[in-house]
Amino acid sequence: MWRAGAIALVAAVACGDPSIGLSFDIPDQYRDRVEVVALRVVVPPANVELDCDRLAFGEIDSDTLAAATVEEVLTRDSSLELSSVPRKGRKLFWFEALDSEELTVAAACGELETIDDDASLDLVGEPATVVTATPINELGGAPFPAMITVAVSDVDSEPIFDAEIRYDIVGPAGQGSGGSGTTSSGGTFAFSPEAPTTPGPAALTVRTRWSRSSNPRFLAYEPARPSLSLALPTGAGRPNIIDPKLTYTVGRFGPNGEPGFAALGASETEVTFNQERRVSIGYYNGSSWVTNASAPIVGVFSISHVDRGNRDQPFVIVPNPNGWREIQPNGGISQFASPITLIAGERVTRMLPAGGCTDEDPAHSQVWLGTGLNNLYVVDSSRALATGPAADVLSMANADTNAFEASGCVAGADDQEHRTVVFRNDDATLFFALMDEPRLGGLPLSSAIVGFTPSLPGQSARLIAVALQLSGATITRQRLVPLTEGEATVEITDETPTPTAPISLTGGDVDGDGEADVVSVLILGGTRDAPIGRLLVSLGVEVDGEPLTALSEELRIGASPRIALLDFDEDGDDDVLLFSESEVNVLEMGPP
């Protein structure tokens, strides 16, 4: 318990005789709560805006503050001597009166410039603030409310009149706004937040002077604009037990390379190799969506596409007999001799990208064809078999082609990107393999939900995945660490907590700022055929050092939802394509 009214200190100045007399007066009503007084001497870096005002409002991140602190002392006495204080330049003297839980009761800060003669600094403590705000939203799921009310009190729950309040809003692409005000006689302040107009997460942070705990934060989500809702002929994916996830592909599928998608409708009967499925194709012609569906195709299990230069060509392979079927923008089917005639009798059940990670790589448009006999073949854009190390991975990991989860590019510590595939072996252990080496490594994850971020200007590609712990789920972003012969490892670069484990995730740039964003699908209730789902969007924009992340509004989501990103309107930001067993919904992101 602090009995003295004030603390007095004498600080010796380095490289000279001057001294500084410091005093910190603790208000009478809080002295019984004080156990110890902390003093920090902070020297602001030349390139950082750091002053007592920003310090009081908690606007300086902890790493910057720690690096700028040149001396720190704790005392239970009413007098103390500091050993040395820099003579030249700006110096902040920051006092905090702390209670038994080491929380702030009162605080003060003062500043001195270069000291040539003896100086003094007498500070009176301000009460620490306790801030509550209503309505509070910690997950998002809706736009900001029309009005937010903030209440400010001291440690004794007494309202503080005329307390200054600042608030900041950060949204997609870092767009933001803010404001300030003071509390009324009842210790409250009400304001209407100016919400970002771009779809996606937004965060509103309320700040007061000398807050006792973290500043209240509202999360909001501005809904995306619906662009297309298309029923698939018989429902994509159901009941394709061989590969329920790989029922769609996105690319430049219009006649002139316009962005679009191709999705498989499911069999209406029991799954057999003689099932009939249709391919739905859609592309955006610059002003509206054009959609078509193919005639039924017998024996189709998966769909992919190859780069034809001016456009991407979606295709399927049918097993009886083996044949390559290309789907045209009008839904027509072009038939070609199978590139895999030498494996007649094997049925292609998996198709994944296999080529290089850049457009300049000659293997860029290759795809893997996995068969029911656990063989893996590589086909190039000319419909010809290509050579490659992919098949070596199967024997290295004791895996089969139906265990492949995803493929994409991942950058190493040197920012060189490697084609990477994620798969399970017979023991259900999750592995990744570098196909250009080939190298094999284990993933530090307990979930097989994986995806990839793209390469963006100044941003290297990352592997993204869901990690499950007893405490909950997180989305991780990872890169390859320096490789050694015969092995490869990854390291987690950041983690984002989620309310529940996502069932699909992918990476892109939904706000057009050149930073990698992660979008995932969460199921939060409902039934299998009518789940209650939301998007979880984690932007590359950071708020207080963490990715800006929020849940979307509830969405109409069919069974077994999967997500893809595609800039269908070519405005510089990715849009969301949400596939399910029965339909595809396109949500437009970016500024209106």
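Only one residue in THR104, THR69, THR75 is closer than 30 Å to ARG217 by Cβ and at pLDDT below 90. Which one?
Checking each option against the conditions leaves just THR69.
Restricted to strands (runs of 3 or more DSSP E) entirely inside region 533-592, those with at least 3 residues that are at pLDDT 90 or above and under 19 Å from PHE253 (Cβ atoms) are 562-566, 575-579, 583-588.
The single condition from (1) among the small types (Gly, Ala, Ser); (2) surrounded by fewer than 23 Cβ atoms within 10 Å (Cβ to Cβ); (3) under 13 Å from VAL519 (Cα atoms) that SER538 fails is (2). Strands (runs of 3 or more DSSP E) fully within region 237-322 that include at least 2 residues being at pLDDT 90 or above and out of contact with any Asp or Glu (no Cβ under 8 Å at 6 or more places or on another chain): 248-252, 259-264, 279-284, 289-293. So, in region 81-122, exactly how many residues are crowded, with 19+ Cβ neighbours inside 10 Å, of a type outside the set (Asp, Glu) and closer than 19 Å to THR208 by Cα? Total satisfying the criteria: 10. Flag: GLU81 matches the condition of being assigned by TED's automatic domain parsing to the domain that holds ALA46 and modelled with pLDDT under 90. Test ALA448 against the criterion of being part of a loop (DSSP other than H, G, I, E, B), at pLDDT below 80 and more than 20 Å from PRO199 (Cβ to Cβ), and give yes or no. Taking the combined requirement at face value, the residue satisfies it.
Scanning region 134-151 for residues that are in a strand (DSSP E or B), modelled with pLDDT under 90 and surrounded by fewer than 21 Cβ atoms within 10 Å (Cβ to Cβ) yields a single hit, THR134. One residue stands out in region 275-298 among those that are over 19 Å from SER334 (Cα atoms) and within 34 Å of the chain's Cα centre (by Cα): the one that is surrounded by the most Cβ atoms within 10 Å (Cβ to Cβ), namely TYR284.
Screening region 1-63 for strands (runs of 3 or more DSSP E) wholly inside it with 2 or more residues that are under 45 Å from the mean Cα position of the chain (by Cα) and either at pLDDT 90 or above or more than 20 Å from ALA119 (Cβ to Cβ) (or both) returns the ranges 36-42. For region 337-347, does any single residue satisfy the condition of being of a type in the set (S, T, N, Q), more than 13 Å from THR371 (Cα to Cα) and modelled with pLDDT of 90 or more? Looking for residues that are of a type in the set (S, T, N, Q), more than 13 Å from THR371 (Cα to Cα) and modelled with pLDDT of 90 or more, one finds none in region 337-347, hence no.
Looking only at residues of region 472-512 that are of a type in the set (Ser, Thr, Tyr) and within 24 Å of SER552 (Cβ to Cβ), we find that the one that is modelled with the highest pLDDT is THR506. Applying the condition of being modelled with pLDDT of 75 or more, part of a strand (DSSP E or B) and in contact with a Ser or Thr (Cβ under 9 Å, 6 or more places away or on another chain) to region 455-471 and asking which residue is surrounded by the fewest Cβ atoms within 10 Å (Cβ to Cβ) yields LEU468.
Would you check if there is a residue in region 92-111 being outside any loop (DSSP other than H, G, I, E, B), farther than 30 Å from GLY187 by Cβ and not polar (S, T, N, Q)? The answer is no; no qualifying residue exists.
For region 138-157, the count of residues that are in contact with a Gly (Cβ under 7 Å, 6 or more places away or on another chain), in contact (Cβ under 8 Å) with a residue 40 or more places away in the chain and not β-branched (Val, Ile, Thr) is zero.
The values are calculated or read from the model by the stated rules, or taken from the named source; none is laboratory data. These numbers come from a predicted model, not from an experiment. We place every Cβ from the backbone using ideal geometry, glycine too, and count neighbours over all the protein chains shown.
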